[in-house]
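The values are calculated or read from the model by the stated rules, or taken from the named source; none is laboratory data. Keep in mind that this is a model prediction, so the values were computed, not measured. Accessible surface is based on the protein model in full, side chains and every heavy atom, while ligands, DNA and RNA are left aside. Shrake-Rupley method; radii C 1.70, N 1.55, O 1.52, S 1.80 Å.
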Amino acid sequence: MNPTDLSDHSSPVARCFALVPCAGSGSRAGTVAPKQYEQIAGQSMVMHTLAALKSVGRLEKIVLVLSPDDAHVWPDDAVAHIQRIHCGGATRAESVFNGLTQLLAEGAKNSEGVQSSDWILVHDAARCLITDLEINRLIDACLDDEVGGLLALPLPDTLKASVNGRVSETLPRQDKWLAQTPQMFRAGQLHAALNAKAAENFEGITDEASAMEMAGFAPKLVVGSPHNFKVTYPPDFALAEDLLRSRK
Ligand code: CTP
Ligand code: MG
(Lines give C-alpha, C1' and ligand atoms only; values in the text may rest on other atoms or scores of the structure.)
(Ligands and ions follow the chains in the order given, each with its own letter.)
Protein backbone atom coordinates (compact mmCIF):
# COMPACT_ATOMS: atom_id res chain seq x y z
CA MET A 1 0.00 0.00 0.00
CA ASN A 2 1.24 3.46 -0.82
CA PRO A 3 0.70 5.74 2.20
CA THR A 4 0.57 8.81 -0.02
CA ASP A 5 -2.27 7.40 -2.12
CA LEU A 6 -5.30 8.79 -0.39
CA SER A 7 -7.54 8.81 -3.44
CA ASP A 8 -9.66 5.80 -2.51
CA HIS A 9 -12.25 7.87 -0.64
CA SER A 10 -15.02 7.03 -3.05
CA SER A 11 -18.07 7.86 -0.94
CA PRO A 12 -18.98 11.56 -1.01
CA VAL A 13 -19.51 11.97 2.72
CA ALA A 14 -17.35 9.97 5.07
CA ARG A 15 -19.36 8.75 8.03
CA CYS A 16 -18.18 7.71 11.50
CA PHE A 17 -18.70 4.23 12.95
CA ALA A 18 -17.55 2.93 16.34
CA LEU A 19 -15.95 -0.49 16.78
CA VAL A 20 -15.53 -1.68 20.37
CA PRO A 21 -13.16 -4.61 20.98
CA CYS A 22 -14.79 -6.49 23.87
CA ALA A 23 -13.34 -9.99 23.46
CA GLY A 24 -10.55 -9.97 26.02
CA SER A 25 -10.39 -12.11 29.16
CA GLY A 26 -9.01 -9.43 31.48
CA SER A 27 -6.22 -11.64 32.82
CA ARG A 28 -4.47 -8.78 34.67
CA ALA A 29 -7.68 -7.68 36.39
CA GLY A 30 -8.02 -10.85 38.46
CA THR A 31 -11.79 -11.03 37.99
CA VAL A 32 -13.71 -14.29 37.54
CA ALA A 33 -15.61 -13.15 34.45
CA PRO A 34 -14.00 -10.98 31.74
CA LYS A 35 -13.41 -7.55 33.32
CA GLN A 36 -15.70 -5.69 30.88
CA TYR A 37 -18.67 -7.42 32.56
CA GLU A 38 -17.72 -6.44 36.12
CA GLN A 39 -20.23 -4.21 37.87
CA ILE A 40 -18.96 -0.66 38.33
CA ALA A 41 -21.18 2.11 39.72
CA GLY A 42 -24.41 0.18 39.14
CA GLN A 43 -23.83 -1.42 35.75
CA SER A 44 -21.29 -3.47 33.87
CA MET A 45 -18.15 -1.69 32.74
CA VAL A 46 -18.97 -2.03 29.05
CA MET A 47 -22.41 -0.43 29.55
CA HIS A 48 -20.70 2.78 30.72
CA THR A 49 -18.48 2.66 27.65
CA LEU A 50 -21.50 2.18 25.37
CA ALA A 51 -23.44 4.98 27.09
CA ALA A 52 -20.65 7.44 26.31
CA LEU A 53 -20.50 6.34 22.66
CA LYS A 54 -24.30 6.48 22.34
CA SER A 55 -24.29 10.07 23.60
CA VAL A 56 -22.21 11.13 20.59
CA GLY A 57 -24.88 11.99 18.03
CA ARG A 58 -22.75 11.62 14.92
CA LEU A 59 -21.84 7.93 15.11
CA GLU A 60 -23.76 5.95 12.46
CA LYS A 61 -23.53 2.73 14.39
CA ILE A 62 -21.76 1.15 17.35
CA VAL A 63 -20.43 -2.37 16.86
CA LEU A 64 -19.26 -4.65 19.67
CA VAL A 65 -16.71 -7.33 18.85
CA LEU A 66 -17.28 -10.24 21.23
CA SER A 67 -15.51 -13.52 21.74
CA PRO A 68 -17.07 -16.43 19.74
CA ASP A 69 -17.96 -18.21 23.01
CA ASP A 70 -19.20 -15.11 24.87
CA ALA A 71 -22.47 -16.05 26.59
CA HIS A 72 -23.00 -12.78 28.42
CA VAL A 73 -26.68 -11.87 28.80
CA TRP A 74 -27.30 -8.27 27.76
CA PRO A 75 -30.14 -6.08 29.01
CA ASP A 76 -32.51 -5.91 25.97
CA ASP A 77 -33.12 -2.18 25.84
CA ALA A 78 -29.48 -1.31 26.48
CA VAL A 79 -28.11 -2.91 23.34
CA ALA A 80 -31.12 -2.51 21.05
CA HIS A 81 -29.26 -0.34 18.53
CA ILE A 82 -25.88 -1.90 18.94
CA GLN A 83 -24.56 -4.56 16.58
CA ARG A 84 -22.87 -7.47 18.33
CA ILE A 85 -20.55 -9.68 16.32
CA HIS A 86 -18.91 -12.80 17.74
CA CYS A 87 -15.62 -12.76 15.86
CA GLY A 88 -13.08 -11.78 18.51
CA GLY A 89 -9.58 -13.19 18.10
CA ALA A 90 -6.62 -14.18 20.25
CA THR A 91 -5.29 -10.62 20.48
CA ARG A 92 -6.88 -7.19 20.53
CA ALA A 93 -5.47 -6.50 17.06
CA GLU A 94 -7.00 -9.70 15.74
CA SER A 95 -10.38 -8.84 17.27
CA VAL A 96 -10.32 -5.42 15.59
CA PHE A 97 -9.15 -6.93 12.29
CA ASN A 98 -11.85 -9.61 12.31
CA GLY A 99 -14.52 -7.06 13.20
CA LEU A 100 -13.44 -4.70 10.42
CA THR A 101 -13.28 -7.55 7.91
CA GLN A 102 -16.90 -8.45 8.69
CA LEU A 103 -18.12 -4.84 8.59
CA LEU A 104 -16.44 -4.11 5.26
CA ALA A 105 -17.90 -7.35 3.81
CA GLU A 106 -21.37 -6.23 4.95
CA GLY A 107 -20.72 -2.75 3.52
CA ALA A 108 -19.84 -4.30 0.15
CA LYS A 109 -23.40 -5.69 -0.01
CA ASN A 110 -25.23 -2.75 1.51
CA SER A 111 -24.32 0.91 1.04
CA GLU A 112 -25.56 1.70 4.55
CA GLY A 113 -22.78 -0.48 5.92
CA VAL A 114 -19.17 0.53 6.45
CA GLN A 115 -17.41 1.70 3.30
CA SER A 116 -13.64 1.81 2.87
CA SER A 117 -13.65 5.62 3.04
CA ASP A 118 -15.72 5.79 6.24
CA TRP A 119 -14.09 6.58 9.56
CA ILE A 120 -13.84 3.85 12.18
CA LEU A 121 -13.40 4.89 15.79
CA VAL A 122 -11.93 1.94 17.66
CA HIS A 123 -12.51 2.20 21.40
CA ASP A 124 -11.59 -0.24 24.18
CA ALA A 125 -14.55 -1.66 26.10
CA ALA A 126 -12.25 -1.34 29.13
CA ARG A 127 -12.00 2.48 28.84
CA CYS A 128 -15.32 3.08 30.52
CA LEU A 129 -14.52 6.64 31.60
CA ILE A 130 -14.48 8.11 28.11
CA THR A 131 -16.85 11.06 27.63
CA ASP A 132 -18.71 12.47 24.63
CA LEU A 133 -16.57 15.61 25.00
CA GLU A 134 -13.35 13.72 24.28
CA ILE A 135 -14.86 11.63 21.49
CA ASN A 136 -16.16 14.78 19.80
CA ARG A 137 -12.76 16.44 20.24
CA LEU A 138 -11.12 13.53 18.40
CA ILE A 139 -13.71 13.58 15.61
CA ASP A 140 -13.40 17.37 15.17
CA ALA A 141 -9.61 17.11 15.00
CA CYS A 142 -9.54 14.22 12.52
CA LEU A 143 -12.56 14.60 10.25
CA ASP A 144 -10.65 16.71 7.72
CA ASP A 145 -7.32 15.01 8.31
CA GLU A 146 -5.76 12.82 5.63
CA VAL A 147 -4.68 10.09 8.05
CA GLY A 148 -6.73 10.26 11.26
CA GLY A 149 -5.46 10.01 14.79
CA LEU A 150 -5.91 9.08 18.41
CA LEU A 151 -6.53 10.46 21.85
CA ALA A 152 -3.30 10.51 23.84
CA LEU A 153 -1.72 12.21 26.83
CA PRO A 154 1.65 13.96 26.92
CA LEU A 155 3.73 11.96 29.43
CA PRO A 156 3.45 13.76 32.79
CA ASP A 157 6.20 11.93 34.71
CA THR A 158 9.91 11.40 34.33
CA LEU A 159 10.53 8.29 32.24
CA LYS A 160 13.00 5.63 33.41
CA ALA A 161 14.42 2.62 31.63
CA SER A 162 15.30 -0.35 33.83
CA VAL A 163 17.57 -3.36 33.96
CA ASN A 164 16.89 -5.99 36.65
CA GLY A 165 14.61 -3.67 38.60
CA ARG A 166 17.11 -0.79 38.74
CA VAL A 167 17.24 2.39 36.72
CA SER A 168 19.53 2.11 33.76
CA GLU A 169 18.67 5.41 32.16
CA THR A 170 16.42 8.47 32.36
CA LEU A 171 14.81 8.99 28.97
CA PRO A 172 13.72 12.31 27.49
CA ARG A 173 9.96 12.71 27.94
CA GLN A 174 9.37 15.83 25.82
CA ASP A 175 8.22 13.89 22.77
CA LYS A 176 6.50 11.00 24.59
CA TRP A 177 2.75 10.39 24.72
CA LEU A 178 0.54 7.73 26.29
CA ALA A 179 -1.81 6.33 23.66
CA GLN A 180 -5.49 6.03 24.52
CA THR A 181 -8.62 5.26 22.53
CA PRO A 182 -10.73 6.06 20.57
CA GLN A 183 -8.40 5.86 17.60
CA MET A 184 -9.94 7.07 14.37
CA PHE A 185 -8.86 5.95 10.90
CA ARG A 186 -10.36 5.28 7.49
CA ALA A 187 -11.84 1.78 7.54
CA GLY A 188 -10.11 0.63 4.35
CA GLN A 189 -6.70 1.99 5.29
CA LEU A 190 -6.87 0.55 8.80
CA HIS A 191 -7.98 -2.82 7.48
CA ALA A 192 -5.11 -2.88 4.98
CA ALA A 193 -2.61 -1.83 7.66
CA LEU A 194 -3.78 -4.62 9.99
CA ASN A 195 -3.93 -7.14 7.14
CA ALA A 196 -0.25 -6.45 6.41
CA LYS A 197 0.57 -7.75 9.92
CA ALA A 198 -1.88 -10.66 10.03
CA ALA A 199 0.65 -13.24 8.81
CA GLU A 200 2.91 -12.26 11.73
CA ASN A 201 0.05 -12.63 14.24
CA PHE A 202 -0.06 -8.84 14.59
CA GLU A 203 3.30 -8.86 16.38
CA GLY A 204 3.99 -5.42 17.86
CA ILE A 205 0.51 -4.10 17.06
CA THR A 206 -0.85 -2.92 20.40
CA ASP A 207 -3.17 -0.28 19.00
CA GLU A 208 -4.56 0.84 15.63
CA ALA A 209 -2.05 3.68 15.35
CA SER A 210 0.90 1.26 15.54
CA ALA A 211 -0.49 -0.63 12.53
CA MET A 212 -0.96 2.64 10.65
CA GLU A 213 2.57 3.74 11.56
CA MET A 214 4.02 0.49 10.18
CA ALA A 215 2.09 1.18 6.97
CA GLY A 216 3.89 4.53 6.71
CA PHE A 217 1.29 6.91 8.13
CA ALA A 218 1.79 9.49 10.89
CA PRO A 219 -1.39 9.54 13.02
CA LYS A 220 -2.42 12.81 14.61
CA LEU A 221 -2.14 13.12 18.41
CA VAL A 222 -5.18 14.69 20.06
CA VAL A 223 -5.00 15.49 23.78
CA GLY A 224 -7.23 13.15 25.80
CA SER A 225 -7.98 13.10 29.54
CA PRO A 226 -6.18 11.34 32.41
CA HIS A 227 -9.62 10.02 33.42
CA ASN A 228 -9.77 7.98 30.22
CA PHE A 229 -7.52 5.27 31.61
CA LYS A 230 -7.94 1.61 30.73
CA VAL A 231 -9.25 -0.47 33.63
CA THR A 232 -6.48 -3.06 33.75
CA TYR A 233 -5.38 -3.97 37.30
CA PRO A 234 -7.49 -4.69 40.44
CA PRO A 235 -7.13 -1.18 41.99
CA ASP A 236 -8.39 0.44 38.78
CA PHE A 237 -11.95 -0.73 39.50
CA ALA A 238 -12.32 1.35 42.68
CA LEU A 239 -10.89 4.42 40.95
CA ALA A 240 -13.28 4.00 38.01
CA GLU A 241 -16.19 3.52 40.43
CA ASP A 242 -15.34 6.74 42.34
CA LEU A 243 -15.00 8.78 39.16
CA LEU A 244 -18.22 7.44 37.61
CA ARG A 245 -20.19 8.05 40.83
CA SER A 246 -18.81 11.57 41.11
CA ARG A 247 -20.29 12.38 37.68
CA LYS A 248 -23.84 11.46 38.66
N1 CTP B 1 -9.65 -7.27 23.59
C2 CTP B 1 -10.28 -7.97 22.55
N3 CTP B 1 -9.77 -9.16 22.12
C4 CTP B 1 -8.67 -9.68 22.69
C5 CTP B 1 -8.01 -8.99 23.73
C6 CTP B 1 -8.53 -7.76 24.15
O7 CTP B 1 -11.30 -7.51 22.04
N8 CTP B 1 -8.23 -10.87 22.27
C9 CTP B 1 -10.25 -6.02 24.09
C10 CTP B 1 -10.56 -6.07 25.58
O11 CTP B 1 -11.84 -6.67 25.79
C12 CTP B 1 -10.49 -4.62 25.98
C13 CTP B 1 -9.52 -4.00 24.97
O14 CTP B 1 -9.33 -4.96 23.94
O15 CTP B 1 -11.72 -3.95 25.88
C16 CTP B 1 -8.21 -3.60 25.63
O17 CTP B 1 -7.51 -4.76 26.01
P18 CTP B 1 -6.97 -5.08 27.47
O19 CTP B 1 -7.21 -3.97 28.41
O20 CTP B 1 -5.59 -5.63 27.33
O21 CTP B 1 -7.99 -6.25 27.92
P22 CTP B 1 -7.70 -7.79 28.11
O23 CTP B 1 -6.85 -8.28 27.00
O24 CTP B 1 -9.03 -8.42 28.32
O25 CTP B 1 -6.90 -7.81 29.49
P26 CTP B 1 -5.50 -8.53 29.80
O27 CTP B 1 -4.52 -8.02 28.78
O28 CTP B 1 -5.18 -8.11 31.19
O29 CTP B 1 -5.76 -10.00 29.66
MG1 MG C 1 -4.85 -7.52 26.71
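Brief remarks on what is shown
- All lysines inside 18 Å of Lys160 as judged from Cα atoms, apart from same-chain residues fewer than 8 positions distant: Lys176
- Computed with a 1.4 Å probe over protein heavy atoms only, the accessible surface of the chain comes to 49 Å² per residue.
- Using distinct alpha-carbon pairs, which all enter the 1/r mean, Kirkwood radius of region 46-123 in Å: 13.4
- Alpha-carbon centroids, region 10-58 and region 211-248: separation in whole Å: 12
- Glu60 sits with roughly 100 Å² accessible to a 1.4 Å probe, with DNA, RNA and ligands left out of the calculation.
- Share of carbon and sulfur in the accessible heavy-atom surface of the chain [1.4 Å probe, %]: 52
- Cα-Cα over 24 Å, subset of Lys61/Lys109; Lys61/Lys197; Lys109/Lys220: Lys61/Lys197; Lys109/Lys220
- Here the Karplus relation 6.51 cos²θ - 1.76 cosθ + 1.60, evaluated at θ = phi - 60°, turns the backbone of region 231-240 into coupling constants of 5, 10, 10, x, x, 5, 5, 5, 5, 4 Hz, with x for every Gly and Pro.
- Expressed as a fraction of 2.2 N^0.38 Å, the C-alpha radius of gyration for region 56-169 is 1.36.
- Mean Cα-pair separation over length for the chain, i.e. relative contact order, pairs under 8 Å, 6 or more apart, %: 24
- Applying D = kT/(6 pi eta Rh) to the chain, where Rh is the Kirkwood radius over alpha-carbon pairs, T corresponds to 25 °C and eta to 0.890 mPa s, the Stokes-Einstein value obtained is 131 µm²/s.
- Partner aspartates and glutamates whose Cα lies under 17 Å from the Cα of Lys230, excluding those fewer than 8 positions away in the same chain, are identified as Glu38, Asp124, Asp132, Glu134, Asp207, Glu208, Glu241, Asp242.
- Kirkwood hydrodynamic radius of region 142-248, Cα pairs, Å: 16.2
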